[in-house]
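Engineer: Quick one: the structure is below, questions incoming.
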Amino acid sequence: MPEKPLISVEEAARIIAAFPVEASDETVPLLAARNRYLARDIVSPLAMPEFDKSAMDGYAFISQDPSSSFKIIETIAAGTPPRLAVTPGSCARIMTGAMLPAGADRVVKRECTREENGIMTICAEDRNRNIRKKGEDLQAGQLVLAAGERLRPAQIALLASLGMAEAPTAIPPRVGILTTGSELVEPGQPLAPGQIYNSNSYSLAAQIRESGARGLVLGRVRDHAAATVEAITASLEKCEVLILSGGVSAGDFDFVPAAMKEAGLNLHFEKVSVQPGMPTVFASREGKVAFGLPGNPVSTFVIFEVFIKPLLLRMMGHAYLPLIQPAVLSSDFSRGHGGRTAFVPVACRQGRADLLAYHGSAHLHSLSRANALLRVAAGLKTIAAGSTVDVRFL
């Protein structure tokens, strides 16, 4: 059997990025829109603030009025429009957020005043105008949120402040998770000799949810060729993206690539020059895509982060760019073979990247302490302490 071609990380990313996707959208209530992505631009239907308002509890008056004391003509509460105009020698008691009365152009805060028998006297300097002008935050028609932006609590609050009860959002793609391996046991069950817990389903489901997509855990497939084909075929009916974990290498029980072909998928690549995760498969059929990932947990995590996450976000209209920043490596890095691009878990704080005790692609404990991945270029075997490196934040 001929050796499968090994492509670079960059070429694999280009192939996935070139795959055509089309985001579908729906309008949902604001709270249901949390963590979804906007399907279209949002422009403000009104000015913010909607009117000149007081920024303090105090007294509204004319700033150029030379009077030494001011008659209080009314009290203006938030939500109640003023009835009277302020004239020289007069003022209005006003609450925070209340509409500024006609004639007034300044508010003195209550702490700088003295009030007695309906007369207000300024007794301490207040250098601030204490007024929020109409439209100083937003103008009507101004772009406030762009299509593809994720709706986090601050964005939800902004939409609510504009009077929007619903938001147009991209429909999250359904992402099926299928794990392979007769040795897998679900957490909570006892392990027999030679068995391991199925962590990859949980890792992938958490990563999918974090991305904003919908994860569907479709179960486990035993190491059997026909069962793998049957599971892939059935799973593709339930999702737009299918992720298989395990069964992609060159072992006697690694049936996934052949099963993908038998299920009618077109394989775009089967091996990537990446560490961890070399036997990664990307395939498609009739607009749906499938990934075959190595079963080692860190490989599964890293390949999702580097290749699958950008695709899912693109399917929701978001132009994803990972956060990559320079950092100073705190200790020497070395590896035995430098032929592949490596992604190494690191803890990065305040511009310093600390290598973690890392024993390879099954070492989840190391990954759990990492907040970034050190990218080591293909051909590079050592990096000296004190070198500036690129880290990709998780």
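The values are calculated or read from the model by the stated rules, or taken from the named source; none is laboratory data. Values in this document were obtained by computation on a predicted structure and should not be read as measured data. Here the Cβ is made from the backbone with ideal geometry for all residues, glycine too, and neighbour counts use every protein chain on show.
Engineer: When residues of the stretch 340-394 are filtered for being hydrophobic (A, V, I, L, M, F, W, C), within 30 Å of residue 196 (Cβ to Cβ), over 22 Å from the mean Cα position of the chain (by Cα) and not in a strand (DSSP E or B), how many remain?
Structural biologist: 4
Engineer: Residue 111 fails exactly one of the following numbered conditions: (1) touching a residue at least 60 places away in the same chain (Cβ under 8 Å); (2) surrounded by fewer than 18 Cβ atoms within 10 Å (Cβ to Cβ). What is the number of that condition?
Structural biologist: It is condition (1) that residue 111 fails.
Engineer: Which residue pairs have Cβ atoms under 6 Å apart, sit 6 or more places apart or on different chains, and have a first residue in the stretch 272-294 that is assigned by TED's automatic domain parsing to the domain that holds residue 228 and a second that is of a type in the set (Asp, Glu)?
Structural biologist: Qualifying pairs under 6 Å: 281/270; 288/240.
Engineer: Restricting the search to the stretch 115-135, which residues are within 16 Å of residue 56 (Cα to Cα) and in a loop (DSSP other than H, G, I, E, B)?
Structural biologist: Within the stretch 115-135, 124, 125, 126, 127, 128, 129, 130, 133, 134 qualify.
Engineer: Just give me the residues in the stretch 23-37 being touching a residue at least 40 places away in the same chain (Cβ under 8 Å) and not in a strand (DSSP E or B), in sequence order. Spell out how you get there, then give the answer.
Structural biologist: Step one: filter the stretch 23-37 for residues touching a residue at least 40 places away in the same chain (Cβ under 8 Å), giving 23-31, 33-37.
Correct list: 23, 24, 30, 31, 33, 34, 35, 36.
Yes/no per residue for (1) touching a helix residue (DSSP H, G or I) at 6+ places or on another chain (Cβ under 6 Å); (2) under 28 Å from residue 321 (Cβ atoms); (3) crowded, with 17+ Cβ neighbours inside 10 Å:
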{"position": "146", "(1), (2), (3)": "no, yes, no"}
{"position": "184", "(1), (2), (3)": "no, no, yes"}
{"position": "187", "(1), (2), (3)": "no, no, no"}
{"position": "193", "(1), (2), (3)": "no, no, no"}
{"position": "224", "(1), (2), (3)": "no, no, no"}
{"position": "235", "(1), (2), (3)": "no, no, yes"}
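Rundown of residues vs (1) over 27 Å from residue 202 (Cα atoms); (2) surrounded by fewer than 15 Cβ atoms within 10 Å (Cβ to Cβ); (3) touching an Asp or Glu at 6+ places or on another chain (Cβ under 9 Å), yes/no style:
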residue: 143; (1), (2), (3): yes, yes, yes
residue: 151; (1), (2), (3): no, no, no
residue: 157; (1), (2), (3): yes, yes, no
residue: 163; (1), (2), (3): yes, yes, no
residue: 172; (1), (2), (3): no, no, no
residue: 176; (1), (2), (3): no, no, yes
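Engineer: Could you tell me which numbered condition residue 212 fails, if it satisfies all but one of (1) buried (at least 18 other Cβ atoms within 10 Å of the Cβ); (2) without any contact (Cβ under 8 Å) to a residue 60 or more places away in the chain; (3) small (Gly, Ala, Ser)?
Structural biologist: In the conditions (1) buried (at least 18 other Cβ atoms within 10 Å of the Cβ); (2) without any contact (Cβ under 8 Å) to a residue 60 or more places away in the chain; (3) small (Gly, Ala, Ser), residue 212 misses (2) alone.
Engineer: Please verify whether residue 154 is part of a loop (DSSP other than H, G, I, E, B), within 24 Å of residue 40 (Cβ to Cβ), of a type outside the set (Ser, Thr, Tyr) and not assigned by TED's automatic domain parsing to the domain that holds residue 231, treating the condition exactly as stated.
Structural biologist: On the way: part of a loop (DSSP other than H, G, I, E, B): no; within 24 Å of residue 40 (Cβ to Cβ): yes; of a type outside the set (Ser, Thr, Tyr): yes; not assigned by TED's automatic domain parsing to the domain that holds residue 231: yes.
No: the conditions fail for residue 154.
Engineer: Among the numbered criteria (1) under 26 Å from residue 21 (Cβ atoms); (2) in contact with a helix residue (DSSP H, G or I) (Cβ under 8 Å, 6 or more places away or on another chain); (3) surrounded by fewer than 20 Cβ atoms within 10 Å (Cβ to Cβ), which one does residue 284 miss?
Structural biologist: Evaluating residue 284 over (1) under 26 Å from residue 21 (Cβ atoms); (2) in contact with a helix residue (DSSP H, G or I) (Cβ under 8 Å, 6 or more places away or on another chain); (3) surrounded by fewer than 20 Cβ atoms within 10 Å (Cβ to Cβ) leaves (2) as the failure.
Engineer: Of a type in the set (Val, Ile, Thr) and loosely packed, with under 13 Cβ neighbours inside 10 Å - does that describe any residue in the stretch 334-351? Give the steps one after another, and end with the answer.
Structural biologist: Of the stretch 334-351, the ones of a type in the set (Val, Ile, Thr) are 341, 344, 346.
Cutting the leftovers down to loosely packed, with under 13 Cβ neighbours inside 10 Å gives us none.
The answer is no; no qualifying residue exists.
Engineer: So for the stretch 309-321 (the condition being modelled with pLDDT under 95, crowded, with 24+ Cβ neighbours inside 10 Å and in a loop (DSSP other than H, G, I, E, B)), does at least one residue qualify?
Structural biologist: no
Engineer: Here's a follow-up. At pLDDT below 95, outside any strand (DSSP E or B), farther than 26 Å from residue 335 by Cβ and in contact with a Phe, Trp or Tyr (Cβ under 9 Å, 6 or more places away or on another chain), is that true of residue 191?
Structural biologist: Numbers: at pLDDT below 95: yes; outside any strand (DSSP E or B): yes; farther than 26 Å from residue 335 by Cβ: yes; in contact with a Phe, Trp or Tyr (Cβ under 9 Å, 6 or more places away or on another chain): yes.
Yes; evaluated as a whole, the condition is true for this residue.
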